[in-house]
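Since the structure comes first, as structure tokens, the remarks are kept for the end.
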Amino acid sequence: MIERALELAAQARLLAAPNPAVGCVLVNPAGQVIGEGHTQATGHAHAEVMALRDAAARGHSVRGASAYVTLEPCAHQGRTGPCCDALIEAGVARVVASLIDPNPRVAGQGLARLRAAGVEVEVGPGAQAARELNLGFFSRMLRASPWVRMKLAASLDGASALANGQSQWITSAQARADGHAWRARACAVLTGIGTVLADDPRLDVRDVPTPRQPVRVVIDSDLQTPPDSRILQGSGSVWIYTATQGSGREAALIKRGAHITHLPEAGAKVDLRAMLADLARREINEVHVEAGSKLNGSLMRAGLVDELLIYLAPKLLGPGQPMIALPELQTLDQARELDFLSCDAIGPDLRLRARLQAREFWAGS
């Protein structure tokens with residue numbers, strides 16, 4: 001039943017943000033599934049309420065039923081009412097939850113309220129899979145920072161572009177469509193001014209269906225973004241982080257719909273750590289980075305990257321631009337350690353996923 005609840009939660013991944021993607025299955029005492037549901041778009045019903053509505057639509061009573069849910073039922077009044085109260089009022093006898101909700105406004109209170117009402121509670125089944133579905137939500141709640149996934153595309157010998165800057169296209173159309181699917185699951189797509197000036201990208205989701213467009217974020221210390229840039233066109237918000245304030249260029253960008261935030265640090269650069277904290281305050285769960293080697297290197301050197309999403313083409317390009325601009329190492333023990341998560345064929349290319357060991361934060365969650 002938890003496996004089915006996880007399947008339902010996965011269906012909510014593109015809908016739910018900034019809420020977690022949650023699935024719920026209701027089972028009567030005879031072991032029959034009587035209702036299912038998953039989290040809807042922000043401001044609409046959560047998984048438990050959707051499952052209760054489904055049971056009612058099927059003509060089933062849920063009194064004495066068990067609810068299998070991939071995250072603790074919420075206990076606070078937010079955009080919607082407390083799900084734990086809805087389960088109690090419906091007469092559910094047992095709740096099996098994969099994880100305790102890391103949101104400080106919940107954090108065990110939903111389960112405590114259920115137990116106080118005489119509902120049997122079990123926690124743990126499906127915990128790892130449920131957590132993976134909601135990496136960004138857990139990161140925002142536990143670290144006050146989004147989960148940062150850096151997408152890279154390169155030849156087999158590691159060049160992300162030729163020495164002259166040409167990079168379109170190293171990888172295949174299939175790889176690009178897969179990359180758009182990862183854009184779609186993120187709350188924000190982040191790039192730097194170098195990429196805006198060199199490639200004039202749109203950075204929206206086009207190659208796969210999506211119910212929403214992620215916010216497009218540009219790191220632009222000197223406000224060099226041209227007002228006619230393609231990134232300022234189309235649907236979806238554009239947020240520009242800068243270290244420059246009070247110029248006529250700012251007014252022109254605001255007129256084109258950009259939201260400007262000033263976060264300078266030493267050296268007249270954008271404070272990247274403060275930028276991520278600001279994104280978390282704006283309820284951004286996952287950040288998908290598609291930038292050049294310079295910004296990639298800055299994020300990596302600052303220890304702000306959680307995961308790498310790398311597409312490798314079966315090509316050898318020779319001397320070219322690196323994926324990530326990192327300083328030269330003197331000894332091998334200075335290398336950054338990663339854990340490979342998966343290796344999959346995407347068309348003619350390979351997709352590697354790797355996670356930085358130092359960014360794990362699951363202990364106690």
Under 5 Å, built H, 5+ apart or other chain: amide partners of Leu190: Val217, His288, Val289, Glu290
Cα pair distances in the chain, grouped into 20 Å bins until the bin that holds the longest one, percent each: 28, 51, 20, 1
Sites matching GluC sites (Glu not before Pro) across the range 222-306 that sit in DSSP coil, with at most 16 neighbouring C-beta atoms within 10 Å: Glu283
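How would you classify the range 309-351 from its alpha-carbon gyration tensor, with a ≥ b ≥ c the square roots of the eigenvalues: rounded for a/c under 1.5, else prolate if a/b is greater than b/c, otherwise oblate? If you can, show how the numbers build up before the last one.
Working: a/c = 3.11, a/b = 1.43, b/c = 2.18.
The shape class here is oblate.
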Selection of chymotrypsin sites (Phe, Trp or Tyr not before Pro), the range 134-234, meeting DSSP coil and at most 12 other Cβ within 10 Å: Trp169
Per residue value of the accessible surface for the range 1-52 (all protein chains in place, 1.4 Å probe), Å²: 37
C-alpha long axis of helix 173-185 to longest principal axis of the chain, angle in °: 50
Antiparallel content of DSSP bridges confined to the chain, in %, to 5: 45
Separation of alpha-carbon centers, the range 21-42 and the range 43-118, rounded to whole Å: 10
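Only sites in a loop by DSSP and with at most 10 other Cβ atoms within 10 Å count here; which trypsin sites (Lys or Arg not before Pro) in the range 64-137 make the cut? It would help to have the intermediate numbers written out before the result.
Working: sites: Arg79, Arg94, Arg105, Arg113, Arg115, Arg131; in loops: Arg79, Arg105.
Passing sites in the range 64-137 are Arg79.
Stretched out fully, how many nm does the piece from Leu197 to Asp333 gain, at 0.36 nm a residue minus the Cα gap?
Numbers: separation 136, 0.36 × 136 = 48.96 nm, distance 3.66 nm.
My answer for the length gained is 45.3 nm.
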Fluctuation leader among Gly110, Gly35, Gly303 - the chain, Gaussian network, Cα springs under 10 angstrom: Gly303
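Based only on Cα atoms, what Rg/Rh ratio does the range 100-151 have, Rh being taken as Kirkwood's radius?
Working: Rg = 13.6 Å, Rh = 12.6 Å.
Result for the range 100-151 is an Rg/Rh of 1.08.
So how do 67-73, 331-337, 305-311, 51-57 stack up, highest first, on mean other-Cβ count within 10 Å? Could you put the intermediate results ahead of the total?
Details: 67-73: 30.4, 331-337: 8.6, 305-311: 21.1, 51-57: 19.3.
Ranking, from highest mean packing down: 67-73, 305-311, 51-57, 331-337.
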Beta bridges by DSSP in the range 216-365, antiparallel share as percent, to the nearest 5: 65
Binned Cα-Cα distance frequencies in the range 176-296 - 10 Å width, integer %: 14, 48, 33, 5, 0
Residue among Ala198, Ala47, Ala161 with the largest mean-square fluctuation in a Gaussian network model of the chain, springs linking Cα atoms under 10 Å: Ala198
Distance between modelled label sites at Asp278 and Leu326, nm, 7 Å Cα→Cβ extension: 2.8
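Express the carbon and sulfur contribution to the solvent-accessible surface of the range 176-247 as a percent, rounded to the nearest whole number, probe 1.4 angstrom. Provide the component values of the computation, followed by the final result.
On the way: 1190 of 2640 Å².
For the range 176-247, the apolar C and S fraction of the accessible surface comes to 45 percent.
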Helix axis angle, 47-57 relative to the chain longest principal axis, alpha carbon, degrees: 50
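The values are calculated or read from the model by the stated rules, or taken from the named source; none is laboratory data. Small disclaimer: the values here were computed from a predicted structure and weren't measured. As a convention, Cβ positions derive from the backbone with ideal geometry for all residues, glycine included, and neighbour counts pool all protein chains shown. Areas reflect the complete protein model, heavy atoms only, side chains present, ligands, DNA and RNA absent. Shrake-Rupley method; radii C 1.70, N 1.55, O 1.52, S 1.80 Å.
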